[in-house]
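Everything on this sheet refers to the single structure shown next.
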Amino acid sequence: MIKNKTFFCDIDGTIFVYRKFETYTTSEPEPIMSVIEKLREWYDKGEHIVLTTARPEYMRYHTQKELSKYNVPYHTLLMGIGRGARYVINDMDPAKEGLRSIGINLKRNEGFETINLSDYDL
């Protein structure tokens, strides 16, 4: 049985070039295509995409419109998360080798160009 992976991906600074909250409704997002293309690839392979953002809940419709405009695929959009460090806490199967949660930190606004994805078990 193949178990699909789940990818948690931040929006601002990761999918779109970072903008300040107060400019969301008055400026257009600038897409970071290397990330959007990778999300499309994973989505098409059946992986689960969870987008996360500190954007407040009242910006959900606006955020969905921006994501739709650039054809950013996702299954779940989690709004209003904290702006500090993010941690994934997951169990590990003692009968299987390998990590069950992996963190990938991208430099803000630079997409996947600054890392080697082959270093990760994707």
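The values are calculated or read from the model by the stated rules, or taken from the named source; none is laboratory data. None of these values were measured; they are calculated from a predicted model. Don't worry about glycine lacking a Cβ; one is built from the backbone with ideal geometry, like all the others, and counts go over all protein chains shown. Areas reflect the complete protein model, heavy atoms only, side chains present, ligands, DNA and RNA absent. Shrake-Rupley method; radii C 1.70, N 1.55, O 1.52, S 1.80 Å.
General observations
- Long-range neighbours under 6 Å by Cβ, at least six apart or interchain, first residue closer than 19 Å to Ile15 by Cα and among the aliphatic types (A, V, I, L, M) within segment 77-106, second open to solvent by 70 Å² or more (accessible area, probe 1.4 Å) and not in a loop (DSSP other than H, G, I, E, B): Met79/Glu57
- Verdict on Lys20 being open to solvent by 40 Å² or more (accessible area, probe 1.4 Å), basic (Lys, Arg) and at pLDDT 95 or above: no
- Annotation note: Cβ proximity below 7 Å between a residue of segment 16-43 that is touching a residue at least 24 places away in the same chain (Cβ under 8 Å) and a residue that is β-branched (Val, Ile, Thr) and open to solvent by 30 Å² or more (accessible area, probe 1.4 Å) (sequence gap 6+ or interchain) occurs for Ile32/Val17.
- Considering segment 79-122, the residues that are in contact with a Gly (Cβ under 8 Å, 6 or more places away or on another chain) and open to solvent by 100 Å² or more (accessible area, probe 1.4 Å) include one that is modelled with the lowest pLDDT, namely Asp121.
- Members of segment 32-49 that are in contact with a helix residue (DSSP H, G or I) (Cβ under 9 Å, 6 or more places away or on another chain), open to solvent by 40 Å² or more (accessible area, probe 1.4 Å) and not in a helix (DSSP H, G or I): His48
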